[in-house]
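Participant: Below: one structure in structure tokens.
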Amino acid sequence: MSPIFDFFFEQYSDYKTYHIVLEIVAVLFGLLSVLFSKQNNILVYPTGMISTAIFVYLLIVWGLIGDMLINVYYFIMSVYGWYVWTRKVDDQHVTPITHTTIKEHKTSIIIFISTLLFVFVVYQLFDKWTSWTAYVDTLTTAVFFVGMWLMAKRKVENWLYWIVGDLISVPLYFYKGFTFTSLQYLLFTFIAIFGYSAWKKSLNKNPQT
């Protein structure tokens with residue numbers, strides 16, 4: 001094997017083949033989900049639910065409790081988001097893209113702080129404060145929890161949280177030894193940037209009162 005290949009994928013030498021296949025499938029559905037989200041397409045949720053369900057299983061196997069909690073939350077919020085995105089606000093229109101209100105910003109802060117405290121308690125219970133990555137996991141979990149909630153509410157600012165969380169996750173997952181997932185978050189970062197731009201353009205074309 002070439003040194004470059006070994007650098008990126010040597011950690012998979014001890015993995016079971018079907019775990020590698022499942023990670024790739026989960027990554028592909030995750031990418032589809034983010035692409036559908038960028039397009040403001042309801043398929044963001046069924047594709048995302050498939051991805052998160054697979055990752056929940058894999059992360060339990062790998063013992064990554066914080067990451068697993070993120071994906072459980074994603075799954076639950078996908079059900080909620082699916083409902084919100086298809087809910088009729090009147091006889092002809094479903095929930096539109098809007099800016100985050102002051103009240104929702106305050107709720108976002110509450111979700112962020114509550115998530116930090118929740119993950120702290122969980123990591124204490126499972127004795128997971130064994131590496132500096134646990135502290136970064138706590139931060140990204142809180143960031144992603146807010147991002148997912150805002151996306152379910154169809155708020156354009158959700159992309160800003162995804163961009164921050166994705167940028168942190170790229171080196172984090174590579175350090176943990178999950179190259180495919182790291183590459184997924186790298187692609188997520190670019191898609192999130194374009195998603196933010198696309199949603200802003202859509203909002204400017206269809207301003208909400």
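Participant: Looking at (1) under 15 Å from residue 37 (Cα atoms); (2) crowded, with 18+ Cβ neighbours inside 10 Å, which is the only condition residue 123 fails?
Facilitator: (1)
Participant: Which of the residues belonging to segment 161-197 are in contact (Cβ under 8 Å) with a residue 40 or more places away in the chain, surrounded by 22 or more Cβ atoms within 10 Å (Cβ to Cβ) and more than 21 Å from residue 97 (Cα to Cα)?
Facilitator: Answer for segment 161-197, where residues must be in contact (Cβ under 8 Å) with a residue 40 or more places away in the chain, surrounded by 22 or more Cβ atoms within 10 Å (Cβ to Cβ) and more than 21 Å from residue 97 (Cα to Cα): 178, 181, 184.
Participant: Let me ask something additional. Going through 159, 129, 82 one at a time, which residue ends up being among the aromatic types (Phe, Trp, Tyr) and part of a loop (DSSP other than H, G, I, E, B)?
Facilitator: Numbers: 159 fails: part of a loop (DSSP other than H, G, I, E, B); 82 fails: part of a loop (DSSP other than H, G, I, E, B).
Only one candidate passes the filter, namely 129.
Participant: Say we look at segment 92-120 and pick out the residues that are part of a helix (DSSP H, G or I) and among the aliphatic types (A, V, I, L, M); which of these is surrounded by the most Cβ atoms within 10 Å (Cβ to Cβ)? Can you show your working first?
Facilitator: Start the filter on segment 92-120 by keeping residues that are part of a helix (DSSP H, G or I), which leaves 102-120.
Now restrict to residues that are among the aliphatic types (A, V, I, L, M): 102, 109-111, 113, 116-117, 119.
Numbers: 102: 7, 109: 11, 110: 10, 111: 18, 113: 11, 116: 15, 117: 11, 119: 24.
Filtering first and then ranking leaves 119.
Participant: Among 101, 95, which is the only one that is more than 16 Å from residue 195 (Cα to Cα), more than 16 Å from the chain's Cα centre (by Cα), at pLDDT below 90 and polar (S, T, N, Q)? Steps first, answer last, please.
Facilitator: On the way: 101 fails: at pLDDT below 90.
Going through 101, 95 in turn, the sole match is 95.
The values are calculated or read from the model by the stated rules, or taken from the named source; none is laboratory data. Model, not experiment: these values are computed from the prediction. Cβ sites come from the backbone with ideal geometry, for glycine too, and all protein chains shown count toward neighbours.
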